[in-house]
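To start, the structure under review is shown below, and the notes come after it.
The values are calculated or read from the model by the stated rules, or taken from the named source; none is laboratory data. Since this is a predicted model, take the numbers as computed values, not measurements. Neighbour counts are summed over all protein chains in view; Cβ atoms, including those assigned to glycine, are modelled from backbone coordinates with ideal geometry. Just the protein is used for accessible areas: all its heavy atoms, side chains included, with ligands, DNA and RNA removed. Shrake-Rupley method; radii C 1.70, N 1.55, O 1.52, S 1.80 Å.
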Amino acid sequence: MDIQSIIRKACDGFKPYVAGKPIDEIKREYNLKAVIKLASNENFLGTSKKALKTLRDNFDKVFFYPDSSSFDLKKSLSKRYRLPAGNIFTAAGGDEIIELIAKLFFNPEDEIVISKYSFIRYAMAVQLMGSKSVVVPMSEDFKYDLQALAKACNKNTKAVFVTNPNNPTGTYNTKKEFSAFLKNLPLNKFGVKPIVILDEAYFEYASLEKDYPNGLDYLKDNLNLIIFRTFSKIYGLAGLRVAYGFASEKIVDYIERTRPPFNVNLLAQAAASAAIADKDHVVRSQKLVAKEKQYLYKEFEKIGVKYVKSAANFILFKPFPLGGENVFIKLLKEGVIVRAMDEYELPDWVRVTVGLHKENKLFIEKLKKILKS
């Protein structure tokens, strides 16, 4: 049987997402005893103590199915953001949210506007649904060109993806830029503005910037806006896969109808509910990253390495004269996992997560060694 002949065309040749390499794999491959991972933008302060206690308290309940509606988690999010639960939805990570939105809205005849050098999962979701990606160049400073994104929209545009701050560049768009973008979006053939899918995975880090826009401030007046955030980054729950989003009650209703049942597991719901209330953990994490970014910037400048200032917990840097993949492999052999940017069409660049000082210091030492050799 030729299975390929009955595969949906959009899935034929579909390439899987390449995740950051796990520590144990690198230890085995290179026969290393110690490895640090600075590749996937996790929080190196770990999970809040409140969330960990909640996890332990719920271990004996895992034989039950979770609450399919995530009632308690939505209640916690509603309290935290002072927003009705009807405007909130939850999912098994930001990746699921992207796919839920794509399955709900994208048809083969639709055009979806995305920015070059934005999170690769957007283009993958568009491809999976058989829709057309319209890719808009970034500005020279690796920022979303929101004016160009708005101009790229036409009667066939169903949605626009915006990441703020952006992964992998770490750059962000200001309140003024985002407000103008929403205002300038044209109507499509359905007589409405395209859906704006606003990815704020690194919201808590970027919120320290005075001119950074909070997507929630625009929700009431923009019914075409869908915002989503995650517990994987600053909240340190990447291993549990839990995220959440905000939208109009009508959009949330359709997401609730079409999502898989029990999509957020019992432990994830419990831990996330505790984590969202732990403001002290967020503040400590923000301070650590802000301080350590300054250390890494200064070290990059000392050794003549170009970098992009970041509003998130990672930094994009250019290890000239070596290519990104070359540096990635050499650092692996030294026990440091970073992220090469070839899949983003940035072969000369590397992304590094901001870790604890000892990890950042070791990364710099190994990078200096590689560049000298």
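Quick one: is ASP217 more than 18 Å from the chain's Cα centre (by Cα) and in a loop (DSSP other than H, G, I, E, B)? Before the answer, list the steps.
On the way: more than 18 Å from the chain's Cα centre (by Cα): yes; in a loop (DSSP other than H, G, I, E, B): no.
No: the conditions fail for ASP217.
Would you check if PHE190 is of a type outside the set (Gly, Ala, Ser) and under 29 Å from LYS74 (Cα atoms)?
So PHE190 does not fit the description; no.
Just to be sure before I move on: is THR47 open to solvent by 30 Å² or more (accessible area, probe 1.4 Å) and assigned to a loop (DSSP other than H, G, I, E, B) in the structure I sent?
Against the criterion (open to solvent by 30 Å² or more (accessible area, probe 1.4 Å) and assigned to a loop (DSSP other than H, G, I, E, B)), THR47 qualifies.
Looking only at the range 171-178, decide whether some residue is over 29 Å from LYS318 (Cα atoms), part of a helix (DSSP H, G or I) and out of contact with any Cys (no Cβ under 7 Å at 6 or more places or on another chain).
Checked against the condition, which is being over 29 Å from LYS318 (Cα atoms), part of a helix (DSSP H, G or I) and out of contact with any Cys (no Cβ under 7 Å at 6 or more places or on another chain), the range 171-178 yields at least one hit.
Within the range 302-360, restricting attention to residues that are within 21 Å of SER115 (Cβ to Cβ) and of a type in the set (Ser, Thr, Tyr), which residue is surrounded by the most Cβ atoms within 10 Å (Cβ to Cβ)?
Among those residues, the one meeting the criterion is SER310.
So, in the range 339-360, exactly how many residues are among the basic types (Lys, Arg) and touching a residue at least 60 places away in the same chain (Cβ under 8 Å)?
2
Across the range 292-315, which residue is nearest to THR163 (Cα to Cα) among those that are in contact (Cβ under 8 Å) with a residue 60 or more places away in the chain and part of a helix (DSSP H, G or I)?
Among them, the one singled out is LYS293.
Check off (1) more than 16 Å from VAL162 (Cβ to Cβ); (2) open to solvent by 20 Å² or more (accessible area, probe 1.4 Å) for ALA243 and give me the number that stays unchecked.
(2)
Taking the range 85-107, which residues are charged (D, E, K, R) and under 11 Å from VAL242 (Cα atoms)?
Result: ASP95, GLU96.
So if I check each of SER115, SER131, which one is crowded, with 22+ Cβ neighbours inside 10 Å, over 20 Å from ALA201 (Cα atoms) and within 24 Å of the chain's Cα centre (by Cα)? Full working, then the answer.
On the way: SER115 fails: over 20 Å from ALA201 (Cα atoms).
Within the list SER115, SER131, the selection yields SER131.
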